[in-house]
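Read through the structure below, which is laid out as structure tokens, and then see the notes.
Each value in this text was obtained by applying a stated rule to the coordinates, not by laboratory testing. What you see is a predicted model, and the numbers here were worked out from it, not measured in a lab. Quick reminder, even Gly has a Cβ in these numbers, built from the backbone with ideal geometry, and neighbours come from all protein chains shown.
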């Protein structure tokens, strides 16, 4: 929403607003995007044109003689519209526009003492005004003298504020609501045009008949326009807000009402309307303003007894359009289904300010405010007006049960001491909140109020968020704050991270090394390829391997951290670069546990029994390493899958023995296909040691002799020797 600071100040005349208003608007729950000066001109003057003559030394230049409050000056211009007797705006010697300072300059043998201005030089967008962009400003206004300051007259010392309003408050897109809330916040008088000044003697009887039908509200009044040319201050007001001014009073006034009250309004040529008006859905061809014909389907439309005259809150139709010659005008403001308004805008592929606001929903109070101020401004400009047809009967606002305890909790206050909110409640009363003993009634235009939490938000807005003192959370630091470097650790070992889908096809979800009792299948899914949560991350990694090998990328060394089954997170590894023992060492280093065991894995039909091992911690299965059984996938790639476990607590210091390590060699005779790991576990059960190595493996046919060399302290080696050699 674009706001003019000068215009906003008119509704609070007892105070002077400055650009510091930005922080107060933000405190009220809005968000100020930008606040910028409207114009960058200084030192300009009003000048009365005394004469205009051609410069015979130039093809395009005209010599304009002007009277200013400092004397007679001469300025040359290429503009063709300069006329004697009119006031214009001049950049005289010493005046500035931005960094440019104006002075005298000889042009075609005549000295020009400055430059004459158009509206664009003052900061207005000329494409939004109904004037020729190359023309200079010409005004005949009895209020203007040569001593009048153009900066004050055109309100060039203004600030333009771009505000983002709450998404659930269409009413906030208006001067009326913003000014009302700011006036209450500043505890100053809010001044709004008094629509009650219109008496019965000021209106004529309209014969227009109308019914709401599919509209929530549909209200009209008729006007007889004496002067259909828009006043200059109205034109400049619209241009400041980036809205094109047509120069036709009825059209420009409806755009002003949208800015002032947040209600989309339409103007029709009353002489082009026949019979009773109503609102209903329409399918067929319409000719919208501008003469463009469009096929629409199921759009909400306003119609008379013969034709569609507009699309509700979206666009008027050419068959009822207002022109400069239109003197009998029918004004309309309605409240419609917001979804249908958005559909109508989509059908004609045009988003206007009216359709955007109508698509956010317009309530009864907004319609009433809009039609009353629209009629008042029409009357104020010396035009005849009729009674209002179908004036909405505004219902009371939402009634919410008070809950002072909840307010105290949210405000971090004592329930028995909420006196600091008394001034806040008085402020809220000024914008229409009613406080009963046990209920709070919201203003009728605040349809966003649903529960007491919404009321609490109003308390906090007007109390001021900056008045709440921040309380830091009580956080005790960890003794050691370890950085999470798991993925970096695997990457430092040469693995590259991959990301795969958690969901797979039920057909390939065969691996289940963790023996989950049930599958996690989606009730609805977009594809059969993504219908079930995998039971093993290796299922996905094997697909990555196959994909890369088909692309001739044969060196595989990858890992992934992801979810399997019901929210179980595991690490997965796939490699044909590293050997079984290298991967086993990587896992041990990654987990930083020296008490994990690797035992043969022979009881899973989908895992190769001859080259695979279970990973155990305290005899609990935490993962596996090996290959997929070639019966299901024939790929020469080692896979590993494991749960990350807690690391052992680090010992800051313990006594160490500085004597040289001792060693002992033990030879065990085991069956040919038995695993030597069982003997290592047996040794560990007897005593700790520093290191163990396999130094020999002699095959004797049905048996083999495996020699292990154990290193340790004198006591450790003694315990092992006593057990095995005595």
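Of note:
- Peptides 247-255, 65-73, 569-577 ordered by average Cβ neighbours within 10 Å, highest first: 247-255, 569-577, 65-73
- Burial order of peptide ranges 394-406, 207-219 (average beta-carbon count within 10 Å, highest first): 207-219, 394-406
- Rg of the Cα atoms in segment 200-389, relative to 2.2 N^0.38 Å, amounts to 0.94.
- Compactness relative to 2.2 N^0.38 Å, alpha carbon Rg of segment 404-517: 2.04
- Over all Cα atoms in segment 227-305, the spread is summed up by Rg and Dmax: 15.1, 41 Å.
- Remark: C-alpha extents of segment 505-592 on the principal axes read 41, 35, 17 Å, sorted largest to smallest.
- The alpha-carbon atoms of segment 90-201 define a convex hull whose volume equals 244 cubic angstrom per residue.
- Once the mean of 1/r is taken over each pair of separate Cα atoms and inverted, segment 485-643 shows a Kirkwood hydrodynamic radius of 15.9 Å.
- With both residues required to sit in the chain, DSSP beta bridges show an antiparallel share near 95%.
- Inter-label distance, nm, simple model (7 Å from Cα along the C-beta direction), residue 127/residue 31: 2.8 nm
- Compared with the dominant Cα axis of the chain, that is its longest principal axis, helix 714-724 is turned about 60°.
- In segment 41-154, the C-alpha radius of gyration followed by the widest Cα-Cα span (Dmax) gives 13.3, 37 angstrom.
- For segment 601-726, the square roots a ≥ b ≥ c of the C-alpha gyration tensor eigenvalues yield an a/c of 1.5 or more together with a/b not exceeding b/c, which makes the shape oblate.
- Gyration tensor (alpha-carbon) shape descriptor, segment 283-378, a/c threshold 1.5: oblate
- Estimated [θ] at 222 nm from DSSP helical runs (n ≥ 4, -39500 (n - 2.57)) normalised by residues in the chain, nearest 500: -7000 deg cm²/dmol
- Compared with the direct C-alpha span, the chain from residue 551 to residue 568 gains 3.0 nm at full extension, assuming 0.36 nm per residue.
- The fewest-to-most ranking of 300, 617 by surrounding Cβ atoms within 10 Å reads 617, 300.
- The translational diffusion coefficient of segment 662-725, from Stokes-Einstein at 37 °C and 0.692 mPa s with a Kirkwood hydrodynamic radius over alpha carbon pairs, comes to 273 µm²/s.
- Tensor-based shape of segment 579-627 (alpha-carbon gyration tensor, a/c under 1.5 rounded, otherwise prolate or oblate): oblate
- Nearest 10 degrees, 0 to 90: helix 452-463 Cα axis against the chain principal axis: 70 degrees
- By average C-beta atoms within 10 angstrom, highest first, the peptides 164-173, 127-136: 164-173, 127-136
- Inverse mean reciprocal Cα-Cα distance (Kirkwood Rh) of the chain, Å: 34.4 Å
- Label zone at residue 285, where the point sits 7 Å out along the Cα-to-Cβ direction: segment 302-324 residues whose backbone N lies under 15 Å: 308, 318-319
- Rounded to the nearest 10 degrees, the inclination of helix 364-380 to the longest alpha-carbon principal axis of the chain is 30 degrees.
- With Cα atoms as the point set, the radius of gyration and Dmax of segment 399-467 evaluate to 11.3, 32 Å.
- Packing-based exposure ordering (other Cβ within 10 Å, fewest first) of 77, 447, 502: 502, 447, 77
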